[in-house]
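Reviewing the structure listed below.
The values are calculated or read from the model by the stated rules, or taken from the named source; none is laboratory data. None of the values given here were measured: they were computed from a predicted structure. Cβ coordinates were reconstructed from backbone atoms using ideal geometry, including for glycine residues, and neighbour counts include every protein chain displayed. The accessibility values were calculated without ligands, DNA or RNA, using every heavy atom of the protein model including side chains. Shrake-Rupley method; radii C 1.70, N 1.55, O 1.52, S 1.80 Å.
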Amino acid sequence: MKNETKRDVFEKALREWEDLVHSCGLQGEEAHGGCEFDPILIKYNKDYDAALPDDLPVVPKEVGEILQSAHCQTNLLDVLDTAKIGYKVSDTLEWIYSNQNTFARAWLDGYVVEEDE
């Protein structure tokens with residue numbers, strides 16, 4: 001899985017667009033039709049569609065491991081029920097129990113694992 005967000009793709013496309021327009025020596029309104037931009041726009045349109053959303057939830061590494069392993073084996077309700085029962089004996093389950101909305105978003109939309117400091 002790439003860690004490139006939609007914002008990253010957009011900003012990269014803008015930089016390349018500006019470089020190309022500048023290299024053609026175009027300014028103002030003539031910059032919108034004087035060079036061949038279609039291949040670049042098509043490429044970035046595909047990259048943008050494939051990129052991760054900008055606002056994915058961030059979860060601890062251990063929670064990410066549970067998300068990865070449980071996602072194919074069970075359903076969200078079972079994981080939240082397990083967290084409810086076992087949150088006092090496991091820091092990871094306590095995090096899931098305390099951050100149920102974030103966990104549910106991560107389950108549905110994907111997630112980014114916290115970086116170690």
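The dipole here belongs to the chain: it is taken about the Cα centre, uses +1 on the Cβ of Lys and Arg and -1 on the Cβ of Asp and Glu, and is about 440 debye. Calculated FRET efficiency, residue 104 to residue 42, Cβ-Cβ distance, R0 = 30 Å: about 0.25 to the nearest 0.05. For the chain, the solvent-accessible area with a 1.4 angstrom probe is 73 square angstrom per residue. Using a 1.4 angstrom probe on heavy atoms only, work out the carbon and sulfur share of the accessible area of the chain in %. Accessible surface attributable to carbon and sulfur in the chain totals 49 percent.
Once C-alpha pairs closer than 8 Å and six or more residues apart are averaged by separation and normalised to the residue number of region 40-117, the relative contact order reads 45 percent. Distance between the 7 Å Cα→Cβ label points at residue 74 and residue 12: 3.7 nm. Per-residue Karplus couplings for region 70-76, computed as 6.51 cos²θ - 1.76 cosθ + 1.60 with θ equal to phi - 60°, are listed in order as 7, 4, 8, 9, 8, 10, 4 Hz, Gly and Pro entered as x. Taking amide H as placed 1.01 Å from N in the peptide plane, the amide H of residue 58 sits under 5 Å from that of 112, each at least 5 places away or on another chain.
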